[in-house]
Amino acid sequence: MNIVEVKHLKVWDANTDKVIIHNSSFQVKQGSCLAIVGESGSGKSVTCRSIMRLNKPWIRLSGTILFKGEDLNQLSEQEMRRRRGKNLCMILQNGMSAFDPSCVIGVHIRETLQTHFNWNNRESERKIISAMESVMLKNPQEILNQYPHQLSGGMLQRIMIALALVLEPDLIIADEPTTALDTISQYEVVEQLIRLRERMGCSMLFISHDLGVVQKIADEVMVMKDGAIVESGDIRSVFSKPEHTYTQYLVTTRLELSNHFRKLMQEGT
Amino acid sequence: MDMGSYIVKRILLAIPLLFVISLITFVLINLSLLDPAVVVLQAQEVPQITDELIAQTNEALGFDKPFVIQYVNWLIACMQFDFGSSYVSGEPVWSLVGPAFLNTLKLTLVSSVFIIGLSILLGVICAMREGRAVDKSVRGLSFVLTAIPSYWLAAILIWYLSVKLDLLPTSGMDSFKSYILPVIVITVSYTGIYFRTVRSSMLSNMNEDYVLYGRASGLSERKVTLHILRNSLQVAVSIFCMAIPIVLGSTVVIENVFAWPGLGRLSVRSILNRDFPIIQAYVLILAVTFVLFNTISDVINAAMNPRLRKDL
Ligand SMILES: Nc1ncnc2c1ncn2[C@@H]1O[C@H](COP(=O)(O)OP(=O)(O)O)[C@@H](O)[C@H]1O
Ligand SMILES: [Mg+2]
């Protein structure tokens, strides 16, 4: 069964009439992880935001996006909002800017949990603290009272993962969650994302241009270029027999990169 | 750093600045090529200015002392609100400047309330409706209104509302009605600038990741907007704090048009009369007001934004 089914998605900028995504169809199977790879500007983030219905007002779309068989574009704004966070959860690239800089981290978490659950503050806090402990964040109580600038990118990323753990969504959309991190934090965040999937069995849409990370976490992959899907399929077959020249290019450069990565890891240990 | 020590540090930093400002004020006024004693005697309309008279005046007013001593004496006196006596009337400067300052301050504060309130209101509305008809028309109108010279607007309003319809007083400061016209003119000339600041600050915050993440977490539009407002107004607070001394220092035209008994009018008269002690006091008061509001704005900003407290 498919948790998400995107059919003939076309996205364009109504201000400039520029087409951002031409005709995109793909699905995410229940419990599996689909990775989207592709160079920057190829439309990966726009695809994610289209599913969440969080594009800017001047970005228009056509086609259907089914989530658990239900057409998201037919929902009222309020119904859609109820699904954001609770059913469809996003993890952003840059933890540093993902939280309101003038509020402590706990504020965002409390507001989110209040929106979706009828827990009192104590209960919410207990749940998020145990989730934070499980993603290896030390002193969670203290972290909740700190501002984003006092924490590292990797920690903020893991806070988003901890929040997802509490929300137990059906689908997690992680838009380049490791791109802004150093190698060590990257490793930690990927570990936690893998464990998150193991624990909750949720489906995942995982965006990255690091094929090494993609290989570790994803079951299927879809390669995008200039707003079009150029290749997709099972991860092993795509990476062992890339058909499109762009995928071939990605795979060869990735081999060089991952050798470099492995060397770094060996030096680190 | 906690707020208490931040405030103390910020005030300690302002003190040397005040010294520099006072020195510059003193030097600039005393750089004047005119012999101050001659100016005093001319201002008092003494018919025959003799060398003897000049020497006497110099001694009486301390102009014969070395420059540094003069400055120190002046500074110490200033700190006790003793700015000397007017060359013209011989009255203590503070008895002229004090009430005038108060009048200007009243006008400034009332106008600032309107400027700030309207700027926030219009800025927020326009940002939320970016590119729509409301946004476009408000921006267009503000562009026109900001471009109108304030004396011209004042003249039109006086002619229509005061002379033709006889609704409002043309000048003076007798009742709350006297405030209406000058406040309208000042508000019109400044709101255009400040509402743009609020609008662009809102727009840039609306593009931040935390807004996307808030919405993606299912937060209501009301909650997301509160976060945007909080961060946008932070930028605006410092600009608004500076608006008060800016308006305070630029009421010259308005006060002269509406015969408002304030600092602007007093300063113009003093400049024409070469009444140096009053000019000195005027410049000093304005400078101190700027430093004061600058400090206040930094403190408010630090209270709202913990990142700013880190380094000072
Ligand atoms: N808010 C926006 N307004 C107009 N165009 C946009 C907007 N966001 C993205 N685009 C355009 O969509 C294309 C794809 O962007 P994006 O999805 O962010 O790429 P990426 O694959 O790097 O995530 C880019 O060419 C960009 O110019
Ligand atoms: Mg992107």
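Which whole-number percentage describes the relative contact order of chain B, with Cα contacts under 8 Å and a sequence gap of 6 or more?
Relative contact order, chain B: 27 percent.
Which of the three applies to the protein assembly as shown, rounded, prolate or oblate, going by the alpha-carbon gyration tensor with a ≥ b ≥ c and a/c under 1.5 meaning rounded?
prolate
At what distance in angstrom do the alpha carbon centres of the stretch B:168-212 and the stretch B:105-154 lie from each other?
Measuring centre to centre over Cα atoms gives 5 Å.
For the B and A pair, go ahead and give the buried accessible area with a 1.4 Å probe, both sides summed, in Å² to 100.
2300 Å²
Find how much the distance from residue B:133 to residue B:166 grows on full extension, using 0.36 nm per residue of separation minus their present alpha carbon separation; answer in nm with one decimal.
Stretched out fully, the residue B:133 to residue B:166 stretch lengthens by 8.3 nm.
Ignoring ligands, DNA and RNA, what accessible area per residue does the protein assembly as shown give at 1.4 Å, in Å²?
Each residue of the protein assembly as shown exposes 49 Å² on average to a 1.4 Å probe.
Past 20 Å, Cα to Cα, is the threshold; run A:7/A:241; A:18/A:225; A:44/A:241; A:10/A:225 against it and keep the listed order.
From A:7/A:241; A:18/A:225; A:44/A:241; A:10/A:225, over 20 Å: A:7/A:241; A:44/A:241.
Against the longest alpha carbon principal axis of chain B, how many degrees, from 0 to 90 and to the nearest 10, is the axis of helix B:276-304 turned?
With rounding to tens, the tilt is 20 degrees.
Leaving out ligands, DNA and RNA, and with a 1.4 Å probe, what % of the accessible surface on the stretch B:103-147 is carbon or sulfur?
75 percent
Which entries in A:56/B:136; B:136/B:164; A:29/B:223; A:29/A:216 show an alpha-carbon gap greater than 27 Å?
Beyond 27 Å: B:136/B:164; A:29/B:223.
By how many degrees, between 0 and 90 and to the nearest 10, does the Cα long axis of helix B:51-61 differ from the longest principal axis of chain B?
50 degrees
What is the stretch A:2-268's relative contact order, in percent, from Cα pairs under 8 angstrom and six or more apart in sequence?
Computed over the stretch A:2-268, the figure is 25 percent.
Carbon and sulfur: what percent of the stretch A:1-138's accessible surface (1.4 Å probe)?
Roughly 45 percent of what the probe reaches on the stretch A:1-138 is carbon or sulfur.
Applying 1/(1 + (r/R0)^6) with R0 = 51 Å to the Cβ-Cβ distance of residue A:123 and residue B:95, what FRET efficiency is obtained, to the nearest 0.05?
0.15
Among A:254, A:195, A:122, whose mean-square fluctuation peaks in a Gaussian network model of chain A (Cα, cutoff 10 Å)?
A:122
Name the residues of the stretch A:105-134 whose accessible area falls by at least 30 Å² when all protein chains are present instead of the chain alone, probe 1.4 Å?
A:108, A:111, A:115
Compute the acute angle (0 to 90°) between the alpha-carbon long axis of helix B:263-273 and the principal axis of greatest extent of the alpha-carbon atoms of chain B; round to the nearest 10°.
30 degrees
Would you mind checking the stretch B:285-303 for residues with the amide N under 12 Å from a putative spin-label position 7 Å along Cα→C-beta of residue B:20?
Nothing falls inside the zone, counting backbone N under 12 Å.
Each residue of the stretch B:199-216 in turn: what ³J(HN,Hα) in whole Hz from Karplus with 6.51, -1.76, 1.60 and θ = phi - 60°, glycine and Pro shown as x?
With coefficients 6.51, -1.76 and 1.60, one gets 4, 5, 5, 4, 4, 5, 5, 5, 8, 6, 4, 5, 6, 4, 5, x, 5, 5 Hz.
List the residues, sorted by chain then number, that are 5 or more residues from residue A:90 or on another chain and whose placed amide H is less than 5 Å from its amide H.
A:85, A:173
For a test of the definition: using alpha carbon positions, the gyration tensor, and the 1.5 limit on a/c, classify the stretch A:2-268 as rounded, prolate or oblate.
Here the stretch A:2-268 falls in the oblate category.
Once Lys and Arg get +1 and Asp and Glu get -1 on their Cβ, which of A:12, B:160, B:96 lies farthest toward the positive end of the dipole of the protein assembly as shown?
Projecting each Cα onto the dipole axis, the largest value belongs to A:12.
Taking the alpha-carbon centroid of each part, what is the distance from the stretch A:2-78 to the stretch B:1-27 in angstrom?
55 Å
Under a 10 Å cutoff between Cα atoms, tell me which one of A:52, A:80, A:222 has the largest fluctuation in the Gaussian network model of chain A.
Of A:52, A:80, A:222, the most mobile in the Gaussian network model is A:80.
Antiparallel DSSP bridges in chain A: what percent, to the nearest 5?
55 percent
The values are calculated or read from the model by the stated rules, or taken from the named source; none is laboratory data. Just so you know, these numbers come straight off a predicted model, no measurement behind them. Cβ coordinates were reconstructed from backbone atoms using ideal geometry, including for glycine residues, and neighbour counts include every protein chain displayed. Heads up: the accessible areas ignore ligands, DNA and RNA and are worked out on the full protein's heavy atoms, side chains in. Shrake-Rupley method; radii C 1.70, N 1.55, O 1.52, S 1.80 Å.
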